[in-house]
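I have placed the structure first, in the form of structure tokens, so that the comments after it can refer back to it.
The values are calculated or read from the model by the stated rules, or taken from the named source; none is laboratory data. Here the structure is a predicted model, which means the values were calculated and not measured. With ideal geometry, Cβ positions are generated from the backbone for all residues, glycine too; neighbour counts draw on all protein chains shown. Heavy atoms of the whole protein, side chains included, go into the accessibility calculation; ligands, DNA and RNA do not. Shrake-Rupley method; radii C 1.70, N 1.55, O 1.52, S 1.80 Å.
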Amino acid sequence: MTGTVPVRAPGTRAPAPVPVRRRAVPWLALVALAFAAVQLALVVPRTSVGLLWDESVYASQVDPRHPAAFFSAPRSRGVSVLVAPLVAVTDSAAVIRTVLALASAAALYAVFRVWRPLLGHRATACAALFLAGLWITQISGSQVMPNLWVAYGAVAAVGWFLRAPGEPRARWWLAAALAAVTLLRLPEGGWLALPLLVAAATVPAWRCALPAVLAGPALGAVQWVVEAYVRFGGVPERLRTAGATEGGMHPHWNVGTVLRSLNGPLLCRPCGTDGPHPLMTLWWWALPLLTAAALVTARRHRRTATALLPVVCAASLALSYLFLIGFSAPRFLLPAYALLSLPVAAWVVHTVGHARSRVRAATVVAALTAAHLGVQTAVLVHSTASTAATARVYQRAAADLRELGLRPPCLVTGPRALPVGYAAGCASAQVAGNNRSTTAAELRRRAARVPAAALAGRGGGTAPHFARDWVRHTMPRTGWTVTSPRR
């Protein structure tokens, strides 16, 4: 009967109260949303002027409206595959950057979510915050560049590797993550797979992951290997050409260059900058110390694997950039930073949770984190302004070329020909240097068929030998000198 109150029979016990479970705060989702908000507020509006040099190369490979720029031996096509659906629809830098900013925030959530069963909610979110808080992460999220996506793939791969013994499906995800990393950057695929291969071969519990560790990189390398035979004469020849393009891969103390480029420029080659103020590099020097503390604590609590494996993989991925090349860029170490954020975050959360005064410990950590994020934001504002200025120069040069009569189909050569050519809708070609893609004779033949221009810097200088009889012009928006064939 409705409205009646059930009466408990004499001698029976009252039902136990149902415990009310408080819903956990979705810290990781909040970090991802904040990462998207920072990009949309501070990065995308400033950098939507146009694409930069490397971005132009990657985007042009899949852009149906622009000729493909020369694709040098060290590059891999994964990021072109990543943006292909987007570039097929639009070449608007604003749209491309907005979509990539949102996608990178979603990917941040997805890859660190893999670690939640291993580290817990708070440590996982803390690790994502450490990575997302870096200025180079924030500016890379909306760029058509592979390094941040390699970092995401590395975080996912190591997490799925650790989960493989207890979760059969983890092996499939592991293979997919390794394939993606290799497709994005073949060398990083190899450096990441190497310690995982050793671990799978030597630790019986991880032997189940061995097929995935072997198959993933092999699958991701197929395109690179096929292209090596089609364009470069085989894998050894492509590796030799790639090494020459990088300035030679040999033992080289490059730590000083890494530090000088820590807060920019985006590419330090050659690296003549004095480097940032020492106070702005403290986090970089503290990172090895925090990692060591994390390893000691993890060993003490019998969680060595979840701390040691990311550290070893991070060291493997950073090795070539620290000791085998002679130039640097802040984005190169993003995969290492991403992996090191995991044990460091676990250590921070553990230390705060076991401190005598949790409130005091949490306050100290929050203050240090806020100071670090403040420094990173200042660097981000400066870097986005510099990036926008560079992209603006390319767009102005393209506008000058259009005023000189260059309309697609057209051809641009000389310094900065690749990004300027992409901005103008022209093909680009070089007769010397790392981007050499044609001969002088072939270039002159092409210039006889389509509108062409040879760029030079400010002041003009000497025209290229193949363009000595071309007409010289001064580009009003940039002050550059350009020569073009007589018509």
query: Among all residue pairs at least 6 apart or on different chains, which show Cβ distances below 7 Å where the first residue, located in region 469-487, is touching a residue at least 40 places away in the same chain (Cβ under 8 Å) and of a type in the set (Gly, Ala, Ser) and the second is part of a loop (DSSP other than H, G, I, E, B) and surrounded by 17 or more Cβ atoms within 10 Å (Cβ to Cβ)?
result: SER484/TRP470
query: Of all residues in region 377-432, which are farther than 15 Å from LEU455 by Cβ and of a type in the set (Phe, Trp, Tyr)?
result: none
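For the structure I just gave you, tell me whether THR245 is at pLDDT 95 or above and among the polar types (S, T, N, Q). Can you show your working first?
Values: at pLDDT 95 or above: no; among the polar types (S, T, N, Q): yes.
Here the answer is no, as THR245 does not meet what is asked.
Condition first: of a type in the set (Gly, Ala, Ser) and under 25 Å from TYR152 (Cβ atoms). Can you find one or more residues in region 348-355 that meet it?
Here is the first cut: in region 348-355, the residues of a type in the set (Gly, Ala, Ser) are 353, 355.
Adding the requirement that they be under 25 Å from TYR152 (Cβ atoms) leaves none.
There is no residue in region 348-355 that is of a type in the set (Gly, Ala, Ser) and under 25 Å from TYR152 (Cβ atoms).
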task: Give the number of residues within region 32-57 that are open to solvent by 50 Å² or more (accessible area, probe 1.4 Å) and aromatic (Phe, Trp, Tyr).
output: 1
message: Checking the structure you have, find out if any residue of region 442-459 is in contact with a helix residue (DSSP H, G or I) (Cβ under 6 Å, 6 or more places away or on another chain), of a type in the set (D, E, K, R) and part of a helix (DSSP H, G or I).
response: yes
field: Selection count, region 257-313, where residues are outside any helix (DSSP H, G or I), closer than 30 Å to THR384 by Cα and not hydrophobic (A, V, I, L, M, F, W, C)
entry: 12
Every residue from region 58-86 that is open to solvent by less than 40 Å² (accessible area, probe 1.4 Å), among the hydrophobic types (A, V, I, L, M, F, W, C) and touching a Ser or Thr at 6+ places or on another chain (Cβ under 8 Å): ALA59, ALA69, ALA73
task: Go through (1) part of a helix (DSSP H, G or I); (2) aliphatic (A, V, I, L, M); (3) modelled with pLDDT under 95 one by one and return the number of the condition ILE325 breaks.
output: (1)
message: Suppose we keep only residues that are part of a strand (DSSP E or B) and hydrophobic (A, V, I, L, M, F, W, C) within region 471-486. Which one would you say is nearest to the chain's Cα centre (by Cα)?
response: TRP480
message: Out of the helices (runs of 4 or more DSSP H) lying entirely within region 100-212, which hold 1 or more residues that are buried (at least 22 other Cβ atoms within 10 Å of the Cβ), among the small types (Gly, Ala, Ser) and in contact with a Gly (Cβ under 8 Å, 6 or more places away or on another chain)?
response: 147-163, 168-184, 186-202
query: Any idea which residue in region 214-227 is farthest from ALA314 (Cα to Cα), counting only those that are surrounded by 14 or more Cβ atoms within 10 Å (Cβ to Cβ) and over 22 Å from the mean Cα position of the chain (by Cα)?
result: GLU227
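Do you know which residues across region 391-407 are part of a helix (DSSP H, G or I) and either at pLDDT below 95 or not polar (S, T, N, Q) (or both)? Outline the logic, then answer.
Of the residues in region 391-407, the ones part of a helix (DSSP H, G or I) are 391-403.
Scanning region 391-407 gives ALA391, ARG392, VAL393, TYR394, ARG396, ALA397, ALA398, ALA399, ASP400, LEU401, ARG402, GLU403.
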query: Which of the residues belonging to region 460-475 are under 17 Å from ARG416 (Cα atoms) and open to solvent by 80 Å² or more (accessible area, probe 1.4 Å)?
result: THR462, THR474
Members of region 243-256 found to be in contact with a Leu (Cβ under 9 Å, 6 or more places away or on another chain) and part of a helix (DSSP H, G or I), listed by number: VAL255
message: Suppose we keep only residues that are polar (S, T, N, Q) and assigned to a helix (DSSP H, G or I) within region 339-360. Which one would you say is most open to solvent (accessible area, probe 1.4 Å)?
response: THR351
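Out of region 421-443, which residues are over 16 Å from ARG65 (Cβ atoms) and surrounded by 15 or more Cβ atoms within 10 Å (Cβ to Cβ)? Break it down into steps so the answer makes sense when it comes.
Here is the first cut: in region 421-443, the residues over 16 Å from ARG65 (Cβ atoms) are 429-443.
Hits for region 421-443 are ALA429, GLN430, VAL431, ASN435, SER437, THR438, LEU443.
From VAL379, VAL375, grab the single residue that is open to solvent by 40 Å² or more (accessible area, probe 1.4 Å), touching a residue at least 60 places away in the same chain (Cβ under 8 Å) and out of contact with any Ser or Thr (no Cβ under 8 Å at 6 or more places or on another chain).
VAL375
Scan ALA307, ALA242 and give me the residue that is touching a residue at least 24 places away in the same chain (Cβ under 8 Å), out of contact with any Ser or Thr (no Cβ under 6 Å at 6 or more places or on another chain), of a type in the set (Gly, Ala, Ser) and under 30 Å from ALA164 (Cα atoms).
Going through ALA307, ALA242 in turn, just one is touching a residue at least 24 places away in the same chain (Cβ under 8 Å), out of contact with any Ser or Thr (no Cβ under 6 Å at 6 or more places or on another chain), of a type in the set (Gly, Ala, Ser) and under 30 Å from ALA164 (Cα atoms): ALA307.
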Answer residue from region 249-284, given it is without any contact (Cβ under 8 Å) to a residue 24 or more places away in the chain and among the small types (Gly, Ala, Ser) and is nearest to GLN223 (Cα to Cα) among those: GLY256
- prompt: Restricting attention to region 228-242, does a residue exist that is open to solvent by less than 70 Å² (accessible area, probe 1.4 Å), closer than 23 Å to SER140 by Cα and assigned to a helix (DSSP H, G or I)?
  reply: no
- prompt: Got a sec? Which of THR304, THR363 is modelled with pLDDT under 95 and surrounded by fewer than 17 Cβ atoms within 10 Å (Cβ to Cβ)?
  reply: THR304
